[in-house]
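Reviewing the structure listed below.
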Amino acid sequence: MSGHELRELFLRFFEKKGHTRVKSASLVPESDPTLLFVNAGMVPFKNVFLGLEKRPYRRAVSCQKCLRISGKHNDLESVGYTSRHHTFFEMLGNFSFGDYFKKEAIEYAWEFVTEYLKIPKDRLYVSVYEKDEEAFTLWRDHMGIPEERIWKMGEEDNFWQMGDTGPCGPCSEIYVDRGEQYGGERFLEIWNLVFMQYNRNEKGELIPLPNPNIDTGMGLERVASVLQGTKTNFEIDLIRPLIGFGEELSGRSYGKEHHTDVALRVIADHLRAMTFAMGDGVLPSNVGRGYVIRRILRRAMRYGYKLGIEEPFLYRGVELVVELMKEPYPELLQLKNSIKSVVKAEEERFINTLRRGMPYAEDLLEKAKDGVVWGADLFNLYDTYGFPLDLFEDMAKERGLRVDMEGFTKEMERQRERARKHFRIEVKETEQVYQHLKDIGKTSHFVGYDSYYAHTEVMALIKDGTLVSELREGEKGEVFLKETPFYAERGGQIGDRGTIEGMGGLFFVEDTQSPVDGVIAHIGYVEKGSIRVGDEVFAQIEVERREDIKRNHTATHLLHSALRQVLGEHVRQAGSLVADTYLRFDFTHTQALTEEELKKVEELVNDQIRENHPVIVEEMNYQQAIKSGAIAIFEEKYGERVRVLSVGDFSKELCGGTHVNRSGDIGYFKIISESSIGGGLRRIVAKTGRWAVEHAFNERKILIETSRILGTSLEDVPHSVLRLVESLKEKEREIESLKEKLLTQGDGLSRLKSEDLGPVIFYHGLFEGAEPKSLMNLADKLRKGTDSAVVFLVSKREDRYSFLIALSKALTEHLSAKELMKVVIGILGGSGGGREDMVQGGLQSLERLQKAIEGLKSAIIDSFKEVRR
């Protein structure tokens, strides 16, 4: 049975048992501050188990994408070394929210394993929590399992919890006896049935849940391994081709050497993890989730390096992951080129940082004291350059040095804590008052696609986070309406503004948000009178502002398509802001756009505007929409039903926002700027309609004023400015030349002193107002024609001092400008930066400067004593 067949069989089995099939949630938890990634099938249902959220179904079945690379469930370091651990895996699960409990869960599991998977009953064993007599009795008496094949286990093995806090309860596991030939892995757990009865709070107390629930989890890869008869999970049909990809690139064979197998498994596993994570909008970065994805990408590269693969290669593996997984996850197909582009850019960046980090690594090894490289230094190397620890350990071992891994681990833990704090700030936490409104049915019906106003009723009011019955004049608060024309901020589009007017008062809406799906908060203040719960009101948005927003939103769709046509299909939206006065569009691309490319993009968008295509909106099933060619956006989360927006044959995207009726309504599109916002990501800011026209008018106004100041025609402004700039540069060069003459003649040279130190001539001097470049030119002049010059020059400009040390080339065998500068900094108490031999530093008095000169002289003399010895 293939992995895809197993997945579909499981989902259909439970659908027949009255369960609703629920599409896998994103790997990014929507509002859980305790998790970086979804790490179990029940995570998307956590608030349901806690009684904080209600769903339209009480039974659910899903195949959930999971990542275990952070927090309590972190399998990263085990991946490759064991036969079962993965960072990315799929969790098959069936769930009951206060519907059925232990008896039915056990019956369903036994039926599926024995009758559908056809695993012989005499090869099956089960475990139960030692204090769960109910589960033990059900297995023995109801299902007929011999007592000797039911194992009672302790809390560590058979009491399940998602994290240190949260839903938990006793569990029962099903094992397969694979035979004596498997040794320690003979008995393999394939399914965990969790009887969710409690919530563990921050004090560790177990609080009974409002209704007992069922949460089961079956690792798809593990069960596929049993059914396909493979020794490990890595040989199943969904993963083995990725092992083959590594074999082909490296010329190594799987199954012959342990270290080769480990490397090939790591590459295969991490390829799956990074592809799915990036498919859910998590791009490599230095913080939070992005940092974790960057780590696994670099870990995979390190193992590739061990196999002799020294060029970027992972981006090619993304193609194979997509090919293997496109059937259940069709959105990967359209994201493929974007993910490949990001991965390749990240690989190239890592190779460069590795090259930059090697000198620092060598420096650490050279300076190791007492035969030890200390943890703080090692962490700095790892954190700054991403330098592979195992590679550094090998280098240290070759020199007979010990690496302080304990100190490194402590530094890593401090860094993780900093990352966790940063992450908590990022998480969107929902106040319970909004969830309460949803649970009691106070959700709004949005009518704003077709109308800009609505006669409606006030359902609820909030002031300072608390439900109230009235808001009075001058008070700030939130209004909740039965029907609303106000669009709540979502998908990059900002919320509407406008007014809510009743017989007793007027409420001005400054912003519109949706803290919980379906609950729309109109945020603002009472301008006059009062607003009460139950009031009949007239709600109206600011029409002109909405029209501006619509123009910008449809323009982002056209811009997206134009970028893909001009730059290639690797371009993918990675974020956006659709405001009234401008739009901001982030996308995947590795280099700056040329002027010609920007011109082509702008022309393409304006061509579509002039052609005045109808903008068509359709509602359809998510899978159907993806298969029809509609583009899904990186950071968006989609339900089963989606809106598909088409602009002629030019653009087709999933979108819940508001748009113009025809492309011609946009009027005019103008790109304002294009810039980098990080590795592999670019940003375009643009304007449309009246704001684009105003921008063009202001640009012309500036051009006219510039031509007036320069006394030239509009057409000649660029040439006139160029001539002016060249003239200024020439004057600056003349001034610099005069400054250098002053330094090297008369008063300048009188401030320069020279001392004969035997093997070298030591020049030193302090110069007021000298530019660093002038000091460098003077140093070059002093070194010219001699093999024995050491130059130490100081410039004072305002309250800043610059120090320069330069050596004749012949002296570099015995002396280091960098080491001599350290002597100066040590005496002056400054800080290094910029060029190795040009450093900003502190200087409190001329006496300190004299001490630095004496220190330099001593260091030079000592160096030559060492050479003579």
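With (1) within 29 Å of the chain's Cα centre (by Cα); (2) in a loop (DSSP other than H, G, I, E, B); (3) modelled with pLDDT of 85 or more as the list, and GLY93 as the residue in question, which single condition is left unmet?
With (1) within 29 Å of the chain's Cα centre (by Cα); (2) in a loop (DSSP other than H, G, I, E, B); (3) modelled with pLDDT of 85 or more applied to GLY93, the lone miss is (2).
Conditions (1) open to solvent by 20 Å² or more (accessible area, probe 1.4 Å); (2) touching a residue at least 40 places away in the same chain (Cβ under 8 Å); (3) not small (Gly, Ala, Ser), marked per residue:
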position: VAL28; (1), (2), (3): yes, yes, yes
position: PHE49; (1), (2), (3): no, yes, yes
position: LEU52; (1), (2), (3): yes, yes, yes
position: VAL79; (1), (2), (3): no, yes, yes
position: SER96; (1), (2), (3): no, yes, no
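Which residue is most open to solvent (accessible area, probe 1.4 Å), if the candidates are limited to the stretch 201-211 and must be over 17 Å from GLY154 (Cβ atoms) and either in contact with a Cys (Cβ under 6 Å, 6 or more places away or on another chain) or among the hydrophobic types (A, V, I, L, M, F, W, C) (or both)?
ILE207
Give the number of residues within the stretch 454-508 that are touching a helix residue (DSSP H, G or I) at 6+ places or on another chain (Cβ under 7 Å) and more than 30 Å from GLU30 (Cβ to Cβ).
Residues flagged as touching a helix residue (DSSP H, G or I) at 6+ places or on another chain (Cβ under 7 Å) and more than 30 Å from GLU30 (Cβ to Cβ) within the stretch 454-508 amount to 0.
What pairs come up if the first residue lies in the stretch 179-200 and is basic (Lys, Arg), the second is surrounded by fewer than 13 Cβ atoms within 10 Å (Cβ to Cβ) and in a loop (DSSP other than H, G, I, E, B), and their beta carbons are under 9 Å apart, counting only those six or more places apart or on different chains?
Partner pairs satisfying both residue conditions: ARG186/GLY179; ARG200/ASP164.
In the stretch 334-355, which residues are in contact with a helix residue (DSSP H, G or I) (Cβ under 6 Å, 6 or more places away or on another chain) and without any contact (Cβ under 8 Å) to a residue 40 or more places away in the chain?
LYS336, THR353
If a residue has to be under 17 Å from GLU478 (Cα atoms) and part of a strand (DSSP E or B) to count, how many in the stretch 439-460 make the cut?
Number satisfying all stated conditions: 7.
List the helices (runs of 4 or more DSSP H) that sit entirely inside the stretch 666-763 and contain at least 2 residues that are in contact with a helix residue (DSSP H, G or I) (Cβ under 7 Å, 6 or more places away or on another chain), farther than 30 Å from GLN608 by Cβ and free of Cβ contacts under 8 Å to residues at least 40 places away in the same chain.
689-710, 717-744
Listed residues LEU314, LEU271; which is within 14 Å of HIS86 (Cβ to Cβ), open to solvent by less than 50 Å² (accessible area, probe 1.4 Å) and modelled with pLDDT of 95 or more?
LEU271
When only residues in the stretch 58-77 that are at pLDDT 80 or above and out of contact with any Asp or Glu (no Cβ under 9 Å at 6 or more places or on another chain) count, which is surrounded by the most Cβ atoms within 10 Å (Cβ to Cβ)?
Of everything passing the filter in the stretch 58-77, LEU67 is surrounded by the most Cβ atoms within 10 Å (Cβ to Cβ).
Out of all the residues in the stretch 235-261, which are within 28 Å of the chain's Cα centre (by Cα) and of a type in the set (Gly, Ala, Ser)?
GLY246
If only one of LEU271, LEU297 is without any contact (Cβ under 8 Å) to a residue 60 or more places away in the chain, closer than 14 Å to VAL79 by Cα, out of contact with any Asp or Glu (no Cβ under 8 Å at 6 or more places or on another chain) and in a helix (DSSP H, G or I), which one is it?
One residue alone meets the criteria, LEU271.
Could you please give the count of residues in the stretch 786-800 that are at pLDDT below 80 and either of a type outside the set (D, E, K, R) or open to solvent by less than 50 Å² (accessible area, probe 1.4 Å) (or both)?
0
Please name all residue pairs, on different chains or six or more residues apart, with Cβ atoms under 6 Å, provided the first residue is in the stretch 107-131 and is closer than 14 Å to MET218 by Cβ and the second residue is buried (at least 20 other Cβ atoms within 10 Å of the Cβ) and of a type in the set (Asp, Glu).
Note: no pairs meet the criteria.
Can you work out which of the residues in the stretch 212-223 that are of a type in the set (D, E, K, R) and not in a strand (DSSP E or B) is least open to solvent (accessible area, probe 1.4 Å)?
Only one residue tops the list, namely GLU221.
Could you list, in sequence order, the residues of the stretch 228-268 that are open to solvent by 20 Å² or more (accessible area, probe 1.4 Å), closer than 28 Å to SER26 by Cβ and not aromatic (Phe, Trp, Tyr)?
Once the filter is applied, which keeps residues that are open to solvent by 20 Å² or more (accessible area, probe 1.4 Å), closer than 28 Å to SER26 by Cβ and not aromatic (Phe, Trp, Tyr), the stretch 228-268 yields ASP237, ARG240, PRO241, ARG265.
So which of VAL571, VAL601, VAL605 is in a loop (DSSP other than H, G, I, E, B), under 25 Å from ILE549 (Cβ atoms) and either touching a helix residue (DSSP H, G or I) at 6+ places or on another chain (Cβ under 9 Å) or modelled with pLDDT of 90 or more (or both)?
VAL571
Kindly indicate whether any position in the stretch 541-556 is part of a strand (DSSP E or B) and more than 30 Å from HIS589 (Cα to Cα).
Yes, because at least one residue in the stretch 541-556 is part of a strand (DSSP E or B) and more than 30 Å from HIS589 (Cα to Cα).
Just a yes or no: is a residue in the stretch 617-637 within 23 Å of PHE486 (Cβ to Cβ), touching a Leu at 6+ places or on another chain (Cβ under 8 Å) and either open to solvent by less than 20 Å² (accessible area, probe 1.4 Å) or in a loop (DSSP other than H, G, I, E, B) (or both)?
Checked against the condition, which is being within 23 Å of PHE486 (Cβ to Cβ), touching a Leu at 6+ places or on another chain (Cβ under 8 Å) and either open to solvent by less than 20 Å² (accessible area, probe 1.4 Å) or in a loop (DSSP other than H, G, I, E, B) (or both), the stretch 617-637 yields at least one hit.
In the stretch 796-815, how many are assigned to a loop (DSSP other than H, G, I, E, B), of a type outside the set (D, E, K, R) and farther than 17 Å from MET776 by Cα?
Residues in the stretch 796-815 being assigned to a loop (DSSP other than H, G, I, E, B), of a type outside the set (D, E, K, R) and farther than 17 Å from MET776 by Cα: 2 in total.
Starting from the stretch 454-475, take each residue that is farther than 18 Å from GLU510 by Cβ and list its partners that are surrounded by fewer than 20 Cβ atoms within 10 Å (Cβ to Cβ) and of a type in the set (Ser, Thr, Tyr), counting only C-beta distances under 6 angstrom and pairs at least six apart or across chains.
Partner pairs satisfying both residue conditions: GLU470/SER530.
Mind checking which pairs have a first residue in the stretch 596-617 that is touching a residue at least 60 places away in the same chain (Cβ under 8 Å) and of a type outside the set (Gly, Ala, Ser) and a second that is in a helix (DSSP H, G or I) and open to solvent by 70 Å² or more (accessible area, probe 1.4 Å), Cβ under 9 Å, 6 or more apart or different chains?
VAL601/GLN565; ILE609/ASP665; VAL615/ASP665
Run down GLY832, GLY841 and say which single residue is surrounded by fewer than 19 Cβ atoms within 10 Å (Cβ to Cβ) and either aromatic (Phe, Trp, Tyr) or modelled with pLDDT under 85 (or both). Show your work before the answer.
Details: GLY841 fails: surrounded by fewer than 19 Cβ atoms within 10 Å (Cβ to Cβ).
Testing whether each residue is surrounded by fewer than 19 Cβ atoms within 10 Å (Cβ to Cβ) and either aromatic (Phe, Trp, Tyr) or modelled with pLDDT under 85 (or both) leaves just GLY832.
Of all residues in the stretch 142-177, which are of a type in the set (A, V, I, L, M), farther than 12 Å from MET196 by Cβ and touching a Lys or Arg at 6+ places or on another chain (Cβ under 8 Å)?
Within the stretch 142-177, ILE150, VAL176 meet the criteria.
Restricting attention to helices (runs of 4 or more DSSP H) lying wholly within the stretch 101-200, give those where 2 or more residues are open to solvent by 40 Å² or more (accessible area, probe 1.4 Å) and at pLDDT 95 or above. Steps first, please.
On the way: elements: 102-111, 133-137, 155-158.
Output list reads 102-111.
For residues that are closer than 27 Å to ARG545 by Cβ and open to solvent by 80 Å² or more (accessible area, probe 1.4 Å), scanning just the stretch 434-471, find the one that is modelled with the lowest pLDDT. Step through it out loud before you land on a result.
Going through the stretch 434-471, the residues closer than 27 Å to ARG545 by Cβ turn out to be 434, 437, 442-463, 471.
Next, only the ones that are open to solvent by 80 Å² or more (accessible area, probe 1.4 Å) stay: 445, 449-450, 453, 455.
Values: HIS445: 96, TYR449: 95, ASP450: 91, TYR453: 96, HIS455: 97.
Going through the qualifying residues, I end up with ASP450.
So HIS814 fits all but one of (1) surrounded by 16 or more Cβ atoms within 10 Å (Cβ to Cβ); (2) closer than 18 Å to LEU757 by Cβ; what number is the exception?
Among (1) surrounded by 16 or more Cβ atoms within 10 Å (Cβ to Cβ); (2) closer than 18 Å to LEU757 by Cβ, the lone unmet condition for HIS814 is (1).
The values are calculated or read from the model by the stated rules, or taken from the named source; none is laboratory data. From a predicted model like this one, the values you see are computed outputs, not experimental measurements. Glycine gets a Cβ as well: all are built from the backbone with ideal geometry, and neighbour counts include every protein chain shown. For accessibility, only protein heavy atoms count, side chains too; no ligands or nucleic acids. Shrake-Rupley method; radii C 1.70, N 1.55, O 1.52, S 1.80 Å.
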